[in-house]
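First the structure, in the form of structure tokens, and then the observations on it.
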Amino acid sequence: MASIKDVAAEAGVSVATVSRVLNDHPSVSADARTRVLAAVQTLGYRPNAVARSLRTDQTHTLGLVISDVMNPYFTELARSVEEAARALGYSVIIGNADERPDLQDHHVRNLLDRRIDGLLVSPTDGGSPLMLDAALGGTPMVFVDRWIPGVDVPVVRADGGSAVRDLVRHLHGLGHRRLAIIAGPAATTTGSERVDAFRAALAEYGLPLPDAYIGQGDFKAESGRRVTEGFLDLPEPPDVVFATDNLMALGALDAVRARGLRVPDDVALAAFDDIPWFVHTDPPVTAIAQPTGELGRAAVRALVDRIEGRPPQSVTLPARLVVRRSCGEPASQEPPAREEFPASQEPSPVTNRSQT
């Protein structure tokens with residue numbers, strides 16, 4: 001592997017001149033710059049990123065701690081973050097919290113020890129002391145999808161509340177009156193927000209939400225199965241089960257089928273977080289879609305703004321209802337395939353300076 005001394009010898013300049021060219025220092029002649037860059041290309045030289053970080057106090061590395069890498073939503077989010085960061089000259093180290101606060105803190109600690117330039121986090125709970133200390137200590141940080149109320153950190157998220165209202169309006173229009181919900185952990189902002197939005201939307205139509213129709217899940221498939229089994233055992237089971245996460249929706253679907261029942265003939269099913277699998281189930285699942293790709297890109301832009309000294313902004317993007325056939329819809333309403341948010345038609349954000 002070529003060294004900086006090899007580049008200097010090839011270009012006929014000093015090591016200091018090579019260093020200035022690589023760091024884009026203005027005090028280098030055009031001729032020397034051309035010869036150094038040609039030597040770099042010829043020798044295939046790659047600067048030592050670790051050594052450079054010690055000199056510049058930057059690693060050009062971002063940390064991303066996601067809640068569950070097995071969840072297709074977070075997998076897609078991580079991919080968009082990595083692509084956006086690479087386009088801006090940053091690498092990404094990813095940690096999977098697996099919906100566990102202790103693992104979240106483990107990854108945050110390791111990433112800070114690696115001297116990352118900034119941190120993207122989808123918090124698994126209401127806020128650990130370690131993450132709060134990192135935020136208060138000046139570590140550039142952005143919350144994505146979930147956030148910690150009261151912490152002055154930019155938040156990039158989707159507006160799930162309005163999409164949940166659209167879903168309830170849709171279900172009411174189909175004649176459903178007994179609607180149940182599989183909630184996510186109350187300690188997460190998305191878990192509490194979606195239940196509150198569901199309750200408020202039902203109230204607009206004069207529909208109750210009995211305690212028996214609220215099941216506590218954990219954003220994993222097994223909890224969706226368990227909660228749905230409880231719903232089906234009720235003397236008066238719900239007409240609709242709304243799972244506030246895609247994995248819990250798949251668990252709910254398994255529970256219905258295990259009873260020999262059919263969706264939507266015996267019980268309807270809707271989900272938050274549209275995923276590619278939902279068009280391949282029978283019937284295809286009506287779901288709320290988030291602009292996952294743009295969320296990842298907006299989160300990277302906000303974090304890089306903060307790292308590079310520009311004022312970052314919180315961003316809220318709209319989610320939308322995708323109507324299929326799992327709630328008793330006529331086939332004519334179903335879109336031909338899973339719809340995306342095309343780059344040329346990305347949803348317009350509502351931005352603000354902080355999220356509290």
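So, R0 is 41 Å and r is the distance between the beta-carbons of Leu88 and Leu261; what FRET efficiency does that work out to, to 0.05? Mind showing how you got there, number by number?
Values: r = 50 Å, r/R0 = 1.21.
Calculated transfer efficiency: 0.25.
Here's the picture: charge each Lys and Arg Cβ at +1 and each Asp and Glu Cβ at -1 in the stretch 151-265, and of Ser162, Gly251, Thr189 the one pushed furthest to the positive end of that dipole is Gly251.
Against the chain, whose longest principal axis is taken from its Cα atoms, helix 189-204 shows a tilt of about 40°.
For the stretch 149-294, what mean projected area does the convex hull of the alpha carbons give, in nm²?
Numbers: hull surface 36.2 nm².
One quarter of the hull surface, i.e. the mean projection, equals 9.1 nm².
Between Asp254 and Arg199, the distance separating the two model label sites (each 7 Å from Cα on the Cα→Cβ line) works out to 2.9 nm. FRET efficiency for the Leu103 to Asp211 pair, using the beta carbon distance and R₀ = 25 Å, is estimated at 0.20. Computed with a 1.4 Å probe over protein heavy atoms only, the accessible area of Asp159 comes to about 50 Å². When the P(r) is computed for the chain, the part past 35 Å accounts for 35% of the Cα-Cα pairs.
Among the protein heavy atoms, those of Glu76 account for about 60 Å² of accessible surface (1.4 Å probe, every chain in place).
To the nearest 500 deg cm²/dmol, what mean residue ellipticity at 222 nm is calculated for the chain from DSSP H runs of n ≥ 4 alone, each contributing -39,500 (n - 2.57), summed and divided by the residues? Could the numbers behind the result be given before it?
Working: 12 runs with 146 residues, N = 356.
Mean residue ellipticity, 222 nm, calculated: -13000 deg cm²/dmol.
A Förster radius of 30 Å, combined with the Cβ-Cβ distance separating Arg79 from Ser27, puts the computed FRET efficiency at roughly 0.15. With all protein chains kept in place, the per residue accessible area of the chain amounts to 45 square angstrom at a probe of 1.4 angstrom.
Relative contact order for the stretch 250-297 using alpha-carbon pairs under 8 Å, separation at least 6, rounded to a whole percent?
Values: 35 pairs, mean separation 13.4, N = 48.
RCO, the stretch 250-297: 28 percent.
Between helix 246-258 and the chain there is an angle of about 40 degrees, using the helix long axis and the longest principal axis of the Cα atoms. Model label points for Asp166 and Leu234, set 7 angstrom from Cα along the Cα-to-Cβ axis, are 2.6 nm apart. Ligands, DNA and RNA left out, the 1.4 Å accessible surface of the chain is 51% carbon and sulfur atoms. Across the stretch 96-226, the fraction of Cα-Cα pairs farther apart than 23 Å, rounded to a whole number, is 43%.
Between the helical axis of 30-43 and the longest alpha-carbon principal axis of the chain there is an angle of about 60 degrees. For a test of the definition: using alpha carbon positions, the gyration tensor, and the 1.5 limit on a/c, classify the stretch 162-243 as rounded, prolate or oblate. It is oblate, given that a/c is not under 1.5 and a/b is not larger than b/c.
Hey, can you rank 316-322, 278-284, 258-264 by average C-beta count inside 10 Å, highest first? Walk me through the numbers before you get to the answer.
Values: 316-322: 19.7, 278-284: 17.1, 258-264: 14.0.
Highest mean packing first, the order is 316-322, 278-284, 258-264.
The stretch between Glu308 and Leu130, if pulled fully straight at 0.36 nm per residue, gains 61.7 nm over its current Cα-Cα span. Normalised by the number of residues in the chain, the average gap of Cα pairs under 8 Å and 6 or more apart makes the relative contact order 15 percent. For the chain, a simple Cβ point-charge model (Lys and Arg +1, Asp and Glu -1, everything else neutral) yields a dipole of about 980 debye relative to the Cα centre. Between Ile93, Ile275, Ile182, the residue with the greatest mean-square fluctuation in the GNM of the chain (Cα pairs under 10 Å linked by springs) is Ile93.
Scalar couplings 3J(HN,Hα) for the stretch 211-217, obtained by applying the Karplus form with A = 6.51, B = -1.76, C = 1.60 to θ = phi - 60°, are 4, 5, 9, 10, x, 8, x Hz; x denotes Gly and Pro.
In terms of the Cα gyration tensor, with a ≥ b ≥ c the square roots of its eigenvalues, is the stretch 64-137 rounded because a/c is under 1.5, prolate because a/b exceeds b/c, or oblate?
Details: a/c = 2.13, a/b = 1.18, b/c = 1.81.
Cα axes put the stretch 64-137 in the oblate bin.
Summary value for the stretch 55-135: 41 percent relative contact order, contacts being C-alpha pairs under 8 angstrom separated by 6+ residues.
The values are calculated or read from the model by the stated rules, or taken from the named source; none is laboratory data. Keep in mind that what you see is a predicted model, and the values were worked out from it rather than measured. Here Cβ is always computed from backbone atoms with ideal geometry, including for glycine, and neighbour counts include all displayed protein chains. These accessible areas exclude ligands, DNA and RNA; they are computed on the full protein's heavy atoms, side chains included. Shrake-Rupley method; radii C 1.70, N 1.55, O 1.52, S 1.80 Å.
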